[in-house]
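Presented below is the structure to which this report refers.
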Amino acid sequence: MTTNRLHPADDVLVELYFDGKKIDAYEGSGFHTIDEAIRNAYEGSERANVNIEDYVYRVTNLADKTSARYRINAGGNVKILPEE
């Protein structure tokens, strides 16, 4: 998932990680960008008790089974992370 683009009909799974542990997950559709999916998952999380920049997000496009890890930087931009 090297582009920051999703099709609104795609089902997307966003997993939130903090300190290397998965703390929440969100599944939805209707997103045009990775940024929209991440922000929606963060805002909908009951565990959003720290800044959005403190989480690592694994975004999986369930339609084509691609995924990547992302982080929001201090400027509020989505940055892709290398796989571990």
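The values are calculated or read from the model by the stated rules, or taken from the named source; none is laboratory data. Because the structure is a prediction, the values reported are computed rather than measured. Using ideal geometry, Cβ is built from the backbone for each residue, glycine included, and neighbour counts are taken over all protein chains shown. For the accessible areas, the whole protein counts, side chains as well, though only heavy atoms, and no ligand, DNA or RNA atoms are used. Shrake-Rupley method; radii C 1.70, N 1.55, O 1.52, S 1.80 Å.
Annotations for the structure displayed:
- Within the stretch 54-82, residues that are farther than 19 Å from Ala9 by Cα sit with their Cβ atoms under 9 Å from residues that are of a type in the set (Gly, Ala, Ser) and part of a helix (DSSP H, G or I), at 6+ positions apart or across chains, in these pairs: Tyr57/Ala37; Tyr57/Ala41.
- Every residue from the stretch 17-45 that is part of a loop (DSSP other than H, G, I, E, B), open to solvent by 60 Å² or more (accessible area, probe 1.4 Å) and at negative phi: Ser29, His32
- Selection of the stretch 6-42 for residues being more than 12 Å from the chain's Cα centre (by Cα) and hydroxyl-bearing (Ser, Thr, Tyr) yields only Ser29.
- Looking only at the stretch 62-79, and only at residues there that are in a strand (DSSP E or B) and touching a Lys or Arg at 6+ places or on another chain (Cβ under 7 Å), the one that is least open to solvent (accessible area, probe 1.4 Å): Tyr70
- Condition met for Ala48 (at pLDDT 90 or above, small (Gly, Ala, Ser) and open to solvent by less than 70 Å² (accessible area, probe 1.4 Å)): no
- Residue satisfying all of: in the stretch 51-61; buried (at least 17 other Cβ atoms within 10 Å of the Cβ) and farther than 14 Å from Val78 by Cβ; nearest to the chain's Cα centre (by Cα) among these: Thr60
- Test: residue in the stretch 8-15 that is small (Gly, Ala, Ser) and either at pLDDT 95 or above or loosely packed, with under 11 Cβ neighbours inside 10 Å (or both): yes
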